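One structure is given below, encoded as structure tokens.
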Amino acid sequence: MPIKRLTADERAAALADLPEWESVEGKRDAIVRHFAFADFAEAFAFMTHVAMLAEKADHHPEWSNVYNRVDIVLTTHDAGGLSTRDVALAHAIDAIVE
Ligand SMILES: C[C@H](O)[C@H](O)[C@H]1CNC2=NC(N)=NC(=O)C2=N1
């Protein structure tokens, strides 16, 4: 089954449940969350955890890391926008830090 983009209503409902995530500015159908940790070791430990989740789900983040900061953008390339896979990964990521 091909993965489908969320409709505008589904997207709004999903984001209401993910208060730490926001829409990416501009034309991209994607969400972003910014993280800050005590230091690089903590940031990278978090990234390792996320990487394992992503690999297990076969769904991968777009991300960047500068020292203690990690920015994660989620979108589904195969769907050309936000899908249930992004929502699931966002919740799984939130569960690591909360
Ligand atoms: C072949 C493989 O299942 C696909 O390329 C997966 C891998 N990880 C992915 N990650 C994300 N974010 N979007 C995708 O469409 C995607 N597709």
Only residues in the stretch 1-22 that are touching a residue at least 40 places away in the same chain (Cβ under 8 Å) and under 15 Å from His91 (Cβ atoms) count as the first member; pair them with residues that are of a type in the set (Lys, Arg) and open to solvent by less than 80 Å² (accessible area, probe 1.4 Å), Cβ under 6 angstrom, at least 6 apart or cross-chain, and list the lot.
Glu20/Arg33; Trp21/Arg33
Considering (1) within 20 Å of Lys4 (Cβ to Cβ); (2) open to solvent by less than 20 Å² (accessible area, probe 1.4 Å); (3) not in a helix (DSSP H, G or I), say which one Ile72 fails and leave the rest.
(1)
Scan of the stretch 6-41 for residues that are more than 17 Å from Val66 (Cα to Cα), open to solvent by 30 Å² or more (accessible area, probe 1.4 Å) and in contact with a Lys or Arg (Cβ under 8 Å, 6 or more places away or on another chain), ordered by number:
Glu20, Glu22
Filter the stretch 63-98 down to residues that are without any contact (Cβ under 8 Å) to a residue 24 or more places away in the chain and within 12 Å of the ligand (Cβ to nearest atom) and give me whichever is nearest to Glu10 (Cα to Cα).
His77
Has the stretch 8-29 got at least one residue that is under 11 Å from the mean Cα position of the chain (by Cα) and assigned to a helix (DSSP H, G or I)?
no
Does at least one position in the stretch 39-47 carry a residue that is over 15 Å from Ile96 (Cα atoms), part of a helix (DSSP H, G or I) and without any contact (Cβ under 8 Å) to a residue 60 or more places away in the chain?
yes
If I filter the stretch 42-61 down to residues being open to solvent by 100 Å² or more (accessible area, probe 1.4 Å) and of a type outside the set (Lys, Arg), which single residue comes out as farthest from the ligand (Cβ to nearest atom)?
Phe44
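The values are calculated or read from the model by the stated rules, or taken from the named source; none is laboratory data. Small disclaimer: the values here were computed from a predicted structure and weren't measured. Glycine also receives a Cβ, built like all others from the backbone with ideal geometry; neighbour counts cover every protein chain displayed. What goes into the accessible areas is simple: the full protein's heavy atoms, side chains included, and nothing from ligands, DNA or RNA. Shrake-Rupley method; radii C 1.70, N 1.55, O 1.52, S 1.80 Å.
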